[in-house]
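Some notes on the structure that comes next.
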Amino acid sequence: QVQLVESGGGLVQAGGSLRLSCAASGRTFSMNAMGWFRQAPGKEREFVAAINWSAGATYYADSVKGRFTISRDNAKNTVYLQMNSLKPEDTAVYYCAATGRYLVRSQQSYDYWGQGTQVTVSS
């Protein structure tokens, strides 16, 4: 089992920044990649970004490319999502997830999920 705990959410004005963290524990050796997803009220959960643990390769949704940056600290088993130039449409609950696959965006490919952290962007 892998346990994931997100932190760093909050309320920010449009144009501002937030950094989310996701700390992993347990059988972390089974993870190959971590992803961030988000779910806005009344909408389905969607892919945001993913990163491969060893290679550091990254993958972004078009809606956040150029504004969000995913990174990892292997020593701390922690993944970060730096979010800049935030927009009201970025408001959502953000989830991190872990997968044994190399680098994927499909939710069905992720085996472990955190509890989520709320991000609210005011206009």
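Residues being of a type outside the set (A, V, I, L, M), in contact with a Ser or Thr (Cβ under 9 Å, 6 or more places away or on another chain) and over 18 Å from Ser21 (Cα atoms) are entirely absent from the range 70-84.
Six or more apart or on different chains, Cβ atoms under 8 Å: show the pairs whose first residue is in the range 93-115 and free of Cβ contacts under 8 Å to residues at least 60 places away in the same chain and of a type outside the set (Val, Ile, Thr) and whose second is outside any loop (DSSP other than H, G, I, E, B) and open to solvent by less than 50 Å² (accessible area, probe 1.4 Å). Pairs that qualify, where the first residue is free of Cβ contacts under 8 Å to residues at least 60 places away in the same chain and of a type outside the set (Val, Ile, Thr) and the partner is outside any loop (DSSP other than H, G, I, E, B) and open to solvent by less than 50 Å² (accessible area, probe 1.4 Å), are Ser106/Phe47; Ser109/Thr99. The set of residues from the range 58-77 being over 21 Å from Ala14 (Cβ atoms) and in contact with a strand residue (DSSP E or B) (Cβ under 6 Å, 6 or more places away or on another chain) comprises Thr58, Tyr59, Ile70, Ser71, Arg72, Asn77. Residue pairs whose Cβ atoms lie under 8 Å apart, sitting 6 or more positions apart in sequence or on different chains, and linking a residue in the range 76-91 that is on the phi > 0 side of the Ramachandran plot to a partner that is modelled with pLDDT under 95 and of a type in the set (S, T, N, Q), are Asn77/Ser25; Asn77/Thr28. Selection of strands (runs of 3 or more DSSP E) fully inside the range 1-82 by the criterion of at least 1 residues being surrounded by 19 or more Cβ atoms within 10 Å (Cβ to Cβ) and among the charged types (D, E, K, R) returns 2-7, 33-39, 68-73.
The values are calculated or read from the model by the stated rules, or taken from the named source; none is laboratory data. Since the model is a prediction, treat every value here as computed from it, not as a measurement. Note: ideal-geometry Cβ built from the backbone for every residue, glycine included; neighbour counts use all protein chains shown. Keep in mind that these areas ignore ligands, DNA and RNA; they rest on the heavy atoms of the full protein, side chains included. Shrake-Rupley method; radii C 1.70, N 1.55, O 1.52, S 1.80 Å.
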